[in-house]
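Chemist: Below you'll find the structure I mean.
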Amino acid sequence: MLALGLPLGSRFKGLSGPLGSAWGYGRAGFVEMASLQKHAVPLDERALAGLAHSSLALDTYAWLAQRLHRVPRGKPQLVPWASLKEQFGARIGRMRDFKRKFHISLDQVLAFYPAAKVEGDQRGLTLYNSFPPIKKRMVLVDNSRSRAALVDNPRN
């Protein structure tokens, strides 16, 4: 299981800091790593492997995984074709070519993410509230040991 906060196709360059990288660079500009961790969504490694042949399919899978569970129940959201093309296919010339490629990728994604509730029509893609591809797991972190280790280690 992997957890991602940015679409897979985005370029990500970390900047150095005391714990490695506190900030990163994505499509939207600089993003605080804490925000990425807070909003990370678990992704199925089998889906990533199965979709690895297509950056469009990987981006679509990651986008649906992080977006669908945040769509309010009973309030579907329409994403127009123009917005989808801008986000996923800006380099694809004609809209009809983009739609064809996107539909192929979407079919591949839905094979790995059957819980995804989406409908495509002439207006765009309608998103419905859906479970994430993998349920989040809570992990208990014992901070008392971590703090003790930091205090006992004179190099920290």
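Chemist: Working only within the stretch 79-88, note down all residues that are among the aliphatic types (A, V, I, L, M) and surrounded by 15 or more Cβ atoms within 10 Å (Cβ to Cβ).
Modeler: Val79, Leu84
Chemist: If you don't mind, there's one more thing I want to ask. Conditions: (1) over 21 Å from Leu127 (Cα atoms); (2) at pLDDT 95 or above. Ala28 meets all but one. Number of the miss?
Modeler: Only one criterion in (1) over 21 Å from Leu127 (Cα atoms); (2) at pLDDT 95 or above is unmet by Ala28, namely (2).
Chemist: Does Leu6 fit the bill of being over 20 Å from Leu125 (Cα atoms) and either modelled with pLDDT under 95 or in a helix (DSSP H, G or I) (or both)?
Modeler: yes
Chemist: Select from the stretch 89-120 the residues that are part of a helix (DSSP H, G or I) and buried (at least 18 other Cβ atoms within 10 Å of the Cβ) and list them in ascending order.
Modeler: The answer is Phe98, Lys99, Phe102, Ser105, Leu106, Gln108, Val109, Phe112.
Chemist: State all residues of the stretch 116-133 that are small (Gly, Ala, Ser) and free of Cβ contacts under 8 Å to residues at least 40 places away in the same chain; if no residue qualifies, say none. Working first, answer last.
Modeler: Just the residues of the stretch 116-133 that are small (Gly, Ala, Ser), to begin with: 116, 120, 124, 130.
Within the stretch 116-133, Gly120 is the sole residue that qualifies.
Chemist: Now, a different point. Give me the pairs: first residue in the stretch 96-111 and over 14 Å from Ser55 (Cα atoms), second residue in a helix (DSSP H, G or I) and not polar (S, T, N, Q), beta-carbon distance under 9 Å, and six or more apart or on different chains, which are they?
Modeler: Going by the 9 Å Cβ cut-off, the qualifying pairs are Lys99/Trp81; Lys99/Leu84; Lys99/Lys85; Leu110/Leu64; Ala111/Ala47; Ala111/Gly50.
The values are calculated or read from the model by the stated rules, or taken from the named source; none is laboratory data. From a predicted model like this one, the values you see are computed outputs, not experimental measurements. Virtual Cβ from ideal backbone geometry, glycine too; neighbours counted across all protein chains shown.
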